[in-house]
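First comes the structure, then the notes that go with it.
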């Protein structure tokens, strides 16, 4: 299912635009909404289509924004993993948005397709608690190893947890 | 006397049951490591699995996995069994810790390096020491305040951060920007690119023991920062490029200032070219060091000078022009070998290209507004506030409540001095971003480090690290 929600453009057509496309006018990237089962297959076929690079991978917690606009047939879940792929040969971008339920925040890793997602997936795990199965090193990357919770989740209290200086001994 | 009694009675000093090793006799050390003191130390200061553990404490599977992760390429593609040196024992190798406080790591970057003699086998960058949760902070700030936040991420190119956020907000707002604001932004951003690259040349020179380059690089950067101070009021963290335009117009006589900067820096670049390019020591230390191939660079999502050094002519300014980059002439500098020297020459020449763009901007700068005249987004001019109650209210509303941005999500990418600087912005229709994610080029580029260092010497590791040009503020955010 494809739709574009960016700016003033509404067509899902690949707006390559080439050199004349201006970002502000909405370079109108395609947006794909695969299910978790289709996710790897969709990304793999995109890679074969010529999307050489995974420019960005991040996740969003939609807990506080339930009524967001999604195309028909896509059931909104709490989390969304957003992958921005880049094709240098065709000079276009495509965005893959996958719904990930809160009860089972697990999704397959893209590491085998795009090894560059290694750090990005670790960041998404660290800050939002989404587990990427098959990832070679699913550990925290920015926060200390023993940090509790995932701060970018909307139900993570801001200022609730004091700064954790782990294992700091008392004053002598 | 009181001293002695204190010591006698004060035997309550927590005495560990494990005997501390006697530094004189080596025997105690051997025992100590068996009894777990060494392990205890590791646990005490542990970041858990973020550490690089000695081989004997690492399962073979784990080691292979770790090596795969270190090489950051899926197993079977590049990593073959011989490459991983699983059979190597700890007796032959040593893990050393570099950082987080180390002058060569350009901030609080910590590298755990496994060495065989002086050869680097495995490297693991451990990051997060500068993590302040800026993406979380962004959700608590309005769009107006947002640029004060993002400008502190990549502190060597703050204007690029402001630009990418502003472009993302404007894409969601769907406003058409006045041409002058675009050209002002381009001028500032290109000056910033030059200053960032000059700073890189300075620190890179220092990493290669060329202290004169260090002094020169800082001197030239200072010229640009002085212009920034005149224009924006601050040397760094300007908060000048804001959603809806820039904070103010350029100061009177900016053309002369900018021309002086260009005229001064350009001939000096030739001197640095001679100082470094013409220096056999620098060349020998940088040529063929930290090699990357184009396939590896693409697989690792590397962008910026790292990617271009491998021969991929990818520059977002050229490929997907934003602002008015389609109206200026410049060359995309591309390397061949993907080594440190290529990256050096790319950055050096990018300063020249930036100056070329700046000169064109000076020539072509149109008259007009420096910010969009949309009352929803733009605060009223300062002069109106004294005259009109409505303007005062309007001003107050914009800076306290902020403006509402239509619901939606957008990904905007720009070319920062370090690569693709992206901003993924989600709005729920309120004056604050629902989610703001910054794709920091340094964060992604840092993944190349283990690959670049592997098989090289420790001294080259410092050079390779410098050549990635990581800014930890952006890596950790």
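What follows draws every value from the coordinates through simple rules; no lab data is involved. As the structure is a prediction and not an experimental result, all values here were calculated from the model. FYI the Cβ positions are ideal-geometry reconstructions off the backbone, even for glycines, and counts take in every protein chain you see.
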Region A:84-147 and region B:113-146 have their Cα centres apart by a whole-number Å value of 16
The Cα radius of gyration of region B:207-346, divided by 2.2 N^0.38 Å with N its residue count, comes to 1.25
The FRET efficiency for residue B:116 and residue B:211, from their Cβ-Cβ distance with R0 = 41 Å and rounded to 0.05, is 0.85
At 4 °C and 1.567 mPa s, the Stokes-Einstein diffusion coefficient in µm²/s for region B:358-441, with hydrodynamic radius from the Kirkwood sum on alpha carbon pairs, is 82
Per-residue average of other protein chain Cβ atoms inside 10 Å, peptide A:51-63 -> 6
Ranked on Cβ counts within 10 Å of their own Cβ, fewest leading, A:114, B:129 go B:129, A:114
The alpha-carbon center of region B:251-304 and that of region B:159-231 are separated, in whole Å, by 14
Distance in nm between residue B:396 and residue A:103 label points, each 7 Å along Cα→Cβ, equals 5.0
On each of the three principal axes the extent of the alpha-carbon atoms of region B:146-383, given in whole Å and largest first, is 59, 38, 31
Rounded to the nearest whole number, the per residue volume of the convex hull around the C-alpha atoms of region B:404-471 in Å³ is 84
Rounded to the nearest Å, the spacing of the alpha-carbon centers of region B:420-445 and region A:49-64 is 11
